[in-house]
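Report on one structure; see the data block that follows.
The values are calculated or read from the model by the stated rules, or taken from the named source; none is laboratory data. It should be emphasised that the depicted structure is a prediction, and the values quoted were computed from it without experimental measurement. A quick note on method: Cβ atoms are made from the backbone with ideal geometry, for glycine too, and the neighbour counts reach across all protein chains shown. Please note that ligands, DNA and RNA were not included when accessible areas were found on the heavy atoms of the full protein model with its side chains. Shrake-Rupley method; radii C 1.70, N 1.55, O 1.52, S 1.80 Å.
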Amino acid sequence: MNRPALIYRREIWIPTIWGWFALLLTGSATIVLVARILYPYMALNEPVGSHILVVEGWMNADGLDQALGILRSGKYSLVITTGGPMDKWPGAHDHATYAERAASYISLHGHQDAEIVAVPAPASQVDRTFLNAVLVRKWVDRSGLTIDRLDIVSLGPHARRSRALFHLAFDPKIRIGVYAAKPSEYDPDAWWRTSAGAKSVLGEVVSLLWVTFFFQPDSKRNRE
């Protein structure tokens with residue numbers, strides 16, 4: 001009778017020094033490639049040619065200036081600004097929300113032929129972009145407008161997530177386009193070299209993955 005074996009001999013293969021070098025080189029090249037394509041993927045520029053331009057009001061002045069450049073292309077007749085309450089600072093302009101601040105800024109510097117409407121949002125710690133999208137949809141419904149498409153201006157890598165959340169908030173038949181304003185805090189072509197760039201891009205990647213696989217919009221808040 002054979003005794004049960006407690007150990008056995010097994011042959012394994014391990015890389016040589018040159019093999020480890022090839023693996024390191026391949027891994028490094030993959031990381032560099034992913035880093036270079038990640039920002040263009042997230043900072044999506046894909047407008048659909050609507051006459052309605054939604055501007056995310058939380059952007060800084062540089063982002064709003066880029067939104068103005070898009071507005072001055074002449075094809076937009078209605079601008080809707082979004083955003084919730086602003087923190088109050090001594091000496092700051094008296095704007096209650098980012099939506100109102102952005103509307104005021106665009107009104108002062110923008111295309112005089114375009115109608116500008118602020119659609120402010122209440123304070124919220126979660127799902128702010130989705131909430132803004134829902135409020136824009138409700139404003140459009142109340143206004144009696146019939147639309148089949150709209151364009152959004154967001155900032156950098158936030159653009160792809162904004163488009164995804166507006167898709168969830170609006171009727172699936174409505175086409176959603178997006179512009180990505182270029183951030184001023186870091187170089188988009190080398191975002192990984194600064195903490196601001198890494199935080200912005202990688203944070204948006206994680207947030208987009210969460211929206212894609214886990215976000216379940218409340219049906220009542222979305223469709224009422």
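Of note:
- Among (1) surrounded by 20 or more Cβ atoms within 10 Å (Cβ to Cβ); (2) without any contact (Cβ under 8 Å) to a residue 40 or more places away in the chain, the one test that Ala198 misses: (1)
- Residue check for Ala118: in contact with a strand residue (DSSP E or B) (Cβ under 6 Å, 6 or more places away or on another chain), in a strand (DSSP E or B) and within 24 Å of Ala61 (Cβ to Cβ): yes
- Number of the condition not met by Arg128 [criteria: (1) open to solvent by 60 Å² or more (accessible area, probe 1.4 Å); (2) more than 17 Å from Gln216 (Cα to Cα)]: (2)
- So Val140, is it over 17 Å from Leu53 (Cα atoms), out of contact with any Gly (no Cβ under 6 Å at 6 or more places or on another chain) and either modelled with pLDDT under 95 or of a type outside the set (Ser, Thr, Tyr) (or both): no
- Just one of (1) closer than 15 Å to Ala35 by Cβ; (2) over 9 Å from the mean Cα position of the chain (by Cα) fails for His167. It is (1).
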